[in-house]
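Enquirer: Can you read through this structure? Questions will come right after.
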Amino acid sequence: MQVTSPVRDPLITGGKTYKDVTNDIARHVEGKPTKGWLLGLAVSLTVLLLGSLALVATLWEGIGMWGLNKTVGWAWDITNFVWWVGIGHAGTLISAVLLLFRQKWRTSINRAAEAMTIFAVICAAVFPLIHMGRPWIGAIWALPLPNTFGSLWVNFNSPLLWDVFAISTYFSVSLVFWYIGLIPDFATIRDRATGIRNTIYGALSFGWDGGAKTWMRYESVSLILAGLATPLVLSVHTIVSFDFATSVIPGWHTTIFPPYFVAGAIFSGFAMVLTLMIVTRKVFKLEDYITMGHIELMNIVIIITGSIVGIAYITEFFIAWYSGVAAEQYAFVNRMFGPYWWAYWSMMTCNVISPQLFWFKKIRTSIVATFILSLIVNIGMWFERFVIIVTSLHRDYLPSSWVMFYPTITDVGVYMFTFGFFFTAFLLFAKFFPVINMAEIKSVLKSSSEKIIK
Amino acid sequence: MERDKNFILGIFDDEDILKNAVREIRAAGIKIHEVFSPYPVHGLEEELGYRRSRLPIAAFLFGLLGTTLALTMQFYMMKFDWPMIIGGKDHAAFPDFIPVSFELTVLVAAFGMVTVFMVSSNLKPWGQPRIFDLRSTDDKHVMAIDIANNAAVDLEIIKGALKNSGATEVNSKSFE
């Protein structure tokens with residue numbers, strides 16, 4: 001028996017029964033695609049195709065197609081990489097950390113958030129892969145395999161190699177976690193279907209029968225995977241931040257980076273979950289499952305992580321001043337008042353000031369305001385990475401090599417490619433997979449629904 | 001393995017009634033084949049008398065294997081097979097090996113445990129489960145009682161026990 005405080009708001013509204021849950025969620029998988037969905041898919045596929053031109057150009061001509069120069073050797077590529085990895089943090093955080101904390105509200109959003117994570121990590125992986133010029137060779141060089149001339153190994157002292165391990169482990173463990181959760185729901189769809197759909201979802205459901213013994217093992221696997229994924233989430237962005245923090249570039253060489261990057265990642269990830277879920281709940285009419293309560297709780301996570309990020313920005317400045325190192329101090333003054341002042345102040349406005357609006361209950365519980373702010377947060381987080389990367393590099397040690405960075409159309413195109421991929425993948429997921437974890441919703445229904453069955 | 005073919009099914013609507021029913025039926029000396037539910041029912045495995053899953057132990061051992069493999073690989077490559085001085089550090093720069101060791105621990109633990117789960121629960125893409133009642137993945141709990149396994153108990157007593165313990169329907173199911 002689960003005892004839930006009667007003071008708490010119900011997680012699922014509308015007096016749903018178990019049958020309603022199945023019908024409401026499986027309906028979208030079984031029905032014909034809607035016009036809105038087809039339109040969305042057409043737009044994303046167009047963006048994907050246009051973006052692939054830039055991807056092909058990069059692979060054909062080399063990364064000279066990008067706007068990099070001899071001073072700014074890292075710019076949009078790594079900015080986009082860190083941005084996408086950051087977005088990919090919310091899914092596993094919601095499914096793993098909130099599972100360990102027994103936050104039942106996660107059941108409505110974990111499936112879609114994890115799917116988003118997986119697609120975002122794929123988008124992120126595009127950048128380090130294509131920057132190698134010949135990824136079909138480079139991808140092999142990144143693995144601990146002996147090279148053609150003997151056993152010269154990869155460098156295990158390099159954070160870039162740690163990243164290879166961190167991102168690939170994160171991706172594959174998240175994928176497994178997500179898929180294990182999908183198996184019982186695929187079985188539900190299988191048992192409702194006939195013909196070819198029955199065969200396909202039958203194979204996807206791995207012959208799931210829902211026996212008590214299997215459920216017991218399933219619960220055990222979920223808990224252990226959550227326990228493993230929790231430090232994993234924290235490690236991934238920590239290691240991404242090591243790419244910068246272990247270098248000796250003023251503006252990058254700071255010990256605050258790991259926690260600051262992790263907070264920023266959760267911040268942007270939740271913002272992207274909100275952007276997607278606000279649209280999904282509207283289009284699929286899932287307002288009873290993803291309620292205002294869910295949106296408000298996610299907004300609270302955004303205030304917290306946004307404030308951590310804000311404090312990190314200020315701390316960085318203080319430490320730069322307090323260190324007494326002229327180069328360090330200059331790097332920070334240049335961020336604020338140098339030629340990239342607009343990027344810096346966009347970042348400050350979007351990431352530090354705008355999430356503070358969520359302190360007002362009216363704003364926190366408004367769909368429109370939440371949607372707009374979730375977009376603003378992700379714009380701000382993109383600028384954060386751009387500021388850290390480009391403004392720390394563009395004025396290096398010799399004033400004669402001071403330059404500005406200008407992106408080329410190829411830079412823009414490759415970024416577009418990842419957007420096209422992300423939305424295409426998410427739309428396909430939303431149509432063919434159950435967007436909400438039906439089994440987990442049913443398991444919290446009795447204690448958290450508006451109408452208690454019997 | 002020869003599988004039994006004839007079952008009596010009790011259909012239940014509510015998880016708490018189900019748990020009481022399992023207790024009562026087991027107390028009456030009837031052996032339950034399995035209970036099929038659309039979602040995990042907490043405490044059901046204890047009522048059914050299942051032993052706690054040993055998957056966490058498997059995960060721990062796989063994790064240990066991952067750590068060992070990762071550290072062995074890194075020390076072998078960096079210290080013994082082709083030592084190089086990088087950044088003026090020792091060849092065996094132990095702190096530098098921690099991130100990769102952590103990641104491989106998680107990777108091997110997760111994949112090892114999931115593989116054991118798949119094998120032990122007989123989950124595979126070509127798996128053909130025996131479905132006792134299609135509603136068991138939707139909104140009903142289905143308790144299956146194997147007739148051959150309860151030869152000593154009269155059929156009517158089993159059906160009566162199911163009815164009395166709160167089953168909304170009592171059906172029988174035979175497989176080919």
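The values are calculated or read from the model by the stated rules, or taken from the named source; none is laboratory data. Please read these numbers as outputs of a predicted model, since none were measured by experiment. Cβ sites come from the backbone with ideal geometry, for glycine too, and all protein chains shown count toward neighbours.
Enquirer: Looking at (1) under 30 Å from residue B:157 (Cβ atoms); (2) more than 7 Å from every other protein chain (Cβ to nearest Cβ); (3) surrounded by fewer than 17 Cβ atoms within 10 Å (Cβ to Cβ), which is the only condition residue B:50 fails?
Expert: (2)
Enquirer: Looking only at the stretch B:89-119, count every residue that is among the hydroxyl-bearing types (Ser, Thr, Tyr) and part of a loop (DSSP other than H, G, I, E, B) and tell me the total.
Expert: Summing the residues that are among the hydroxyl-bearing types (Ser, Thr, Tyr) and part of a loop (DSSP other than H, G, I, E, B) in the stretch B:89-119 gives 0.
Enquirer: Can you tell me how many residues within the stretch A:197-251 are outside any helix (DSSP H, G or I), more than 7 Å from every other protein chain (Cβ to nearest Cβ) and under 25 Å from residue B:48 (Cβ atoms)?
Expert: 1
Enquirer: Sticking with this one: Could you please find all residues in the stretch B:74-96 being touching a residue at least 12 places away in the same chain (Cβ under 8 Å) and small (Gly, Ala, Ser)?
Expert: Listed by number, the residues that qualify are B:92, B:93.
Enquirer: Can you tell me which residue in the stretch B:120-150 is farthest from the other protein chains (Cβ to nearest Cβ), limited to those that are of a type in the set (Gly, Ala, Ser) and assigned to a loop (DSSP other than H, G, I, E, B)?
Expert: B:121
Enquirer: Here's something else I'd like to know. I need the full set of residues from the stretch B:114-130 which are at pLDDT 85 or above and touching a Gly at 6+ places or on another chain (Cβ under 9 Å), in order please.
Expert: Within the stretch B:114-130, B:121, B:122, B:123, B:124, B:125, B:126 meet the criteria.
Enquirer: Then there's this: Any chance you could count how many residues in the stretch B:89-119 are within 14 Å of residue A:159 (Cβ to Cβ) and at the interface with another protein chain (Cβ under 7 Å from one of its Cβ atoms)?
Expert: 8
Enquirer: Hey, any hits in the stretch A:181-195 for a residue that's within 24 Å of residue B:121 (Cβ to Cβ), crowded, with 19+ Cβ neighbours inside 10 Å and more than 10 Å from chain B (Cβ to nearest Cβ)?
Expert: Scanning the stretch A:181-195 turns up at least one residue that is within 24 Å of residue B:121 (Cβ to Cβ), crowded, with 19+ Cβ neighbours inside 10 Å and more than 10 Å from chain B (Cβ to nearest Cβ).
Enquirer: Would it be correct to say that residue A:151 is of a type in the set (S, T, N, Q), over 23 Å from the mean Cα position of the chain (by Cα) and at pLDDT below 90?
Expert: So residue A:151 passes the test.
Enquirer: Related question: Out of the residues in the stretch B:73-88 that are within 9 Å of another protein chain (Cβ to nearest Cβ) and assigned to a loop (DSSP other than H, G, I, E, B), state the one that is nearest to residue A:144 (Cα to Cα).
Expert: Only one residue fits best here, namely B:82.
Enquirer: Criterion first (more than 14 Å from every other protein chain (Cβ to nearest Cβ), among the hydroxyl-bearing types (Ser, Thr, Tyr) and buried (at least 20 other Cβ atoms within 10 Å of the Cβ)) does residue A:22 satisfy it?
Expert: no
Enquirer: State all residues of the stretch B:129-151 that are more than 30 Å from residue A:445 (Cβ to Cβ) and either surrounded by 14 or more Cβ atoms within 10 Å (Cβ to Cβ) or without any contact (Cβ under 8 Å) to a residue 24 or more places away in the chain (or both); if no residue qualifies, say none.
Expert: B:146, B:147, B:149, B:150, B:151
Enquirer: To continue, here is another question. Just to confirm my filter: which helices (runs of 4 or more DSSP H) fall fully inside the stretch A:358-450 and include at least 2 residues that are hydroxyl-bearing (Ser, Thr, Tyr) and within 14 Å of chain B (Cβ to nearest Cβ)?
Expert: Fully inside the stretch A:358-450 and qualifying: A:438-448.
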